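The values are calculated or read from the model by the stated rules, or taken from the named source; none is laboratory data. Here the structure is a predicted model, which means the values were calculated and not measured. Every residue, glycine among them, receives a Cβ derived from its backbone with ideal geometry; neighbour counts consider all protein chains shown.
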Amino acid sequence: MKNIPERIKDFINEHHVLTLATSRDNVPYCASCFYVYSDRFNVFVFSSDEGTKHVGDVKINDRVAGTVVLETSVSGKIRGIQFTGRMYVPEGDIKKEIERLYLERYPFARLMNIRLWVLEPDFIKMTDNRLGFGKKLIWKKK
């Protein structure tokens, strides 16, 4: 697997909310999720309840897309990522590591009954206008 460029990983780690896009029966849906990123496993980690629409969608179709953006109206500072990947419930070795990571970032979650999910990206496109207007960095898993 090709390594994700540091510029993309740095951007991901600077933020904490992603927009998750799911689809079921050809009907799209979006949800906002607080996340933490695991560099070791190359996954976004977030908590979602079983009863949510996006989790219901993922049980039918685990292929998802999403974005993380920097909110700015200054065109020279625009940065963000768009990605595709697979969402699933972690098991085994990854489960302990990502739970530790998530609770470290969101300690209040210890008081809640959380269900952690991971989103493993297979494609990321980053726009970073600081490198030049419309500059894109592309990463693919394969």
Selection count, the range 88-113, where residues are touching a helix residue (DSSP H, G or I) at 6+ places or on another chain (Cβ under 8 Å), among the aliphatic types (A, V, I, L, M), within 17 Å of ARG40 (Cα to Cα) and in contact (Cβ under 8 Å) with a residue 60 or more places away in the chain: 0
query: Given the conditions (1) out of contact with any Asp or Glu (no Cβ under 9 Å at 6 or more places or on another chain); (2) at pLDDT 90 or above, and given that ASP128 satisfies all but one, which numbered condition is not satisfied?
result: (2)
message: Within the range 1-54, take every residue that is touching a Cys at 6+ places or on another chain (Cβ under 9 Å) and closer than 22 Å to ARG100 by Cβ and give me the one that is surrounded by the fewest Cβ atoms within 10 Å (Cβ to Cβ).
response: VAL17
- line: Picked from the range 55-79 (must be β-branched (Val, Ile, Thr), surrounded by fewer than 13 Cβ atoms within 10 Å (Cβ to Cβ) and in a loop (DSSP other than H, G, I, E, B)), the residue nearest to the chain's Cα centre (by Cα) is THR72
task: Could you please find all residues in the range 118-131 being out of contact with any strand residue (DSSP E or B) (no Cβ under 6 Å at 6 or more places or on another chain) and not in a helix (DSSP H, G or I)?
output: none
